[in-house]
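Reading through the structure tokens given below for one structure.
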Amino acid sequence: MKRVILITMICFCCIQIQAQILQFAFSDSTVLSMKPIGQLHGVSGIEYVPAKKQWHLATDRGSYFIFDSIKTIRDFAKWDKVAMPKYTNYWFESIRFDQANGRFLYAVENDFVPIWENRDTTSYVSYFDSYPPELNNMKYLVAPIPLPADNKGIESMAVTGGGNVWVAPEAGWAGETEVGQDTIHFLKFIKTDSSYQQPVPFSYVIDRSGCPNSDIEKRGGISEILSVNENQLLVLERCFDNGDGGTNKIKAKLWQVTVNGSHLKKDTEPAFDFNKGLSFQPDNLEGMAWWPSDNGKRKLLVVTDDNPGLKNKQRTQLILLEEK
């Protein structure tokens, strides 16, 4: 009997450790140069590579940056004006590394209709087995698909410590994007020796109530996800409350979700509410990555996309959160 009780207690403790509840508080922030000054504009993907102490940033117009001397978030401003990007043909929305084997993964979202800069109208997830990529070795994780709604393709990915990959659509896959259809699906790809198994879908209830006045943003949106452990994710939901009667402000919440059968269950309260936890107005929150921490508390760096054009007066924001 004592042995059974002991095993039960150990299992219960393991579940408790695995299903941790994260809450964050504001730690620091900075803003970068306003266009046309500087290079770090349109940033949509960000990732930290601990083994190399490198920060990788990517934009939704194909620019790619690597920084290896970042100690504080203000160091990005030092590099902003002198950084030389690598120019690619990929309109990045998310970038991730498998920290175990160096595999480089990225999500791309092109425009809903062809434009002169880019006639591709698809969204997809690809990977290379190493970085820098070998051009002929690109593989699809999610093959190119038409955007199911305007500006609503694939924007987010997460890679777990075991190398498994989560992919989330911004507002749902085809047939899932409209108001009233609040259940969408994430895909989980289990890593094999050389590739990944077929994806397993997990349901998720998206919030479509934040920006009801906008024709596009009324659908809500998931702009990034991040792995907490094998069974938990952070999910960044964000929309722009424009349109008649709107506030013309970003509304955003960070949720922690836990695998519950074939469902991703949100915690009762958000891990962070950007409209309540900041003393300033957040902009177009796009990417997030774990910031290196030496005090045992997780730190999270969130970056905004200042959008194309010289007239919008937006600036790239870097927001650092710390676990409570």
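The values are calculated or read from the model by the stated rules, or taken from the named source; none is laboratory data. Everything quoted here is computed from the prediction, not taken from an experiment. Here the Cβ positions follow ideal geometry from the backbone for every residue, glycine too, while neighbour counts run over all protein chains shown. Ligands, DNA and RNA are stripped out before the accessible areas are found, and what is left, the full protein with its side chains, is counted by its heavy atoms. Shrake-Rupley method; radii C 1.70, N 1.55, O 1.52, S 1.80 Å.
When you check Ile37 against the structure, is it open to solvent by less than 60 Å² (accessible area, probe 1.4 Å) and among the aliphatic types (A, V, I, L, M), yes or no?
no
Considering each residue of the range 19-70, count those that are within 30 Å of Ser130 (Cα to Cα) and not small (Gly, Ala, Ser), and give that number.
Qualifying residue count for the region: 24.
Within the range 222-241, identify whether any single residue is open to solvent by less than 10 Å² (accessible area, probe 1.4 Å), in a loop (DSSP other than H, G, I, E, B) and in contact with a Ser or Thr (Cβ under 9 Å, 6 or more places away or on another chain), and answer yes or no.
Checking the range 222-241: at least one residue is open to solvent by less than 10 Å² (accessible area, probe 1.4 Å), in a loop (DSSP other than H, G, I, E, B) and in contact with a Ser or Thr (Cβ under 9 Å, 6 or more places away or on another chain).
Which members of the range 283-295 meet the condition of being at pLDDT below 95 and either open to solvent by less than 60 Å² (accessible area, probe 1.4 Å) or over 19 Å from Phe272 (Cβ atoms) (or both)? Full working, then the answer.
First, pick out the residues of the range 283-295 that are at pLDDT below 95: 293-295.
Ser293, Asp294, listed by residue number.
Output the residue which, of all residues in the range 310-324 that are of a type outside the set (A, V, I, L, M, F, W, C) and in a loop (DSSP other than H, G, I, E, B), is most open to solvent (accessible area, probe 1.4 Å).
That would be Lys311.
Would it be correct to say that Thr258 is modelled with pLDDT of 95 or more, more than 20 Å from Trp173 (Cβ to Cβ) and in a loop (DSSP other than H, G, I, E, B)?
It is false that Thr258 is modelled with pLDDT of 95 or more, more than 20 Å from Trp173 (Cβ to Cβ) and in a loop (DSSP other than H, G, I, E, B).
Open to solvent by less than 10 Å² (accessible area, probe 1.4 Å) and farther than 27 Å from Gly163 by Cβ - does that describe any residue in the range 71-78?
There is at least one residue in the range 71-78 that is open to solvent by less than 10 Å² (accessible area, probe 1.4 Å) and farther than 27 Å from Gly163 by Cβ.
Considering only strands (runs of 3 or more DSSP E) fully contained in the range 30-114, which possess at least 1 residues that are touching a residue at least 40 places away in the same chain (Cβ under 8 Å) and under 19 Å from the mean Cα position of the chain (by Cα)?
Of the strands (runs of 3 or more DSSP E) lying wholly inside the range 30-114, those with at least 1 residues that are touching a residue at least 40 places away in the same chain (Cβ under 8 Å) and under 19 Å from the mean Cα position of the chain (by Cα) span 43-49, 54-59, 92-97, 104-109.
Here's a check for you: in the range 246-255, which residue that is open to solvent by 50 Å² or more (accessible area, probe 1.4 Å) and part of a loop (DSSP other than H, G, I, E, B) is farthest from Tyr48 (Cα to Cα)? Walk me through how you get there before you give the answer.
Step one: filter the range 246-255 for residues open to solvent by 50 Å² or more (accessible area, probe 1.4 Å), giving 247-249, 251, 253.
Those still in the list that are part of a loop (DSSP other than H, G, I, E, B) too: 247-249.
Working: Thr247: 34, Asn248: 32, Lys249: 29 Å.
Top of the filtered list is Thr247.
Suppose the filter is under 22 Å from Lys191 (Cβ atoms) and in a loop (DSSP other than H, G, I, E, B); does Tyr131 pass it? Outline the logic, then answer.
Working: under 22 Å from Lys191 (Cβ atoms): yes; in a loop (DSSP other than H, G, I, E, B): yes.
Yes: the conditions hold for Tyr131.
I need every pair where a residue in the range 184-202 that is in contact (Cβ under 8 Å) with a residue 60 or more places away in the chain has its Cβ under 7 Å from the Cβ of a residue that is outside any strand (DSSP E or B) and exposed (fewer than 12 other Cβ atoms within 10 Å of the Cβ), sequence separation at least 6 or different chains.
Qualifying pairs under 7 Å: Phe202/Ser262.
Residues of the range 205-221 being under 12 Å from Glu237 (Cα atoms) and of a type outside the set (A, V, I, L, M, F, W, C), which ones?
Asp207, Arg208, Ser209, Gly210, Glu217, Arg219, Gly220, Gly221
Within the range 301-309, is even one residue surrounded by 15 or more Cβ atoms within 10 Å (Cβ to Cβ), in contact with a Pro (Cβ under 8 Å, 6 or more places away or on another chain) and in a loop (DSSP other than H, G, I, E, B)?
no
Looking at Lys218, is it within 20 Å of Ser262 (Cα to Cα), among the charged types (D, E, K, R) and buried (at least 17 other Cβ atoms within 10 Å of the Cβ)?
no
In the range 138-205, which strands (runs of 3 or more DSSP E) lie fully inside it and hold 1 or more residues that are surrounded by fewer than 20 Cβ atoms within 10 Å (Cβ to Cβ) and more than 18 Å from the chain's Cα centre (by Cα)?
Ranges flagged: 139-146, 183-189, 200-205.
Kindly establish whether Phe272 is open to solvent by less than 20 Å² (accessible area, probe 1.4 Å) and either over 17 Å from the mean Cα position of the chain (by Cα) or aromatic (Phe, Trp, Tyr) (or both).
Taking the combined requirement at face value, the residue satisfies it.
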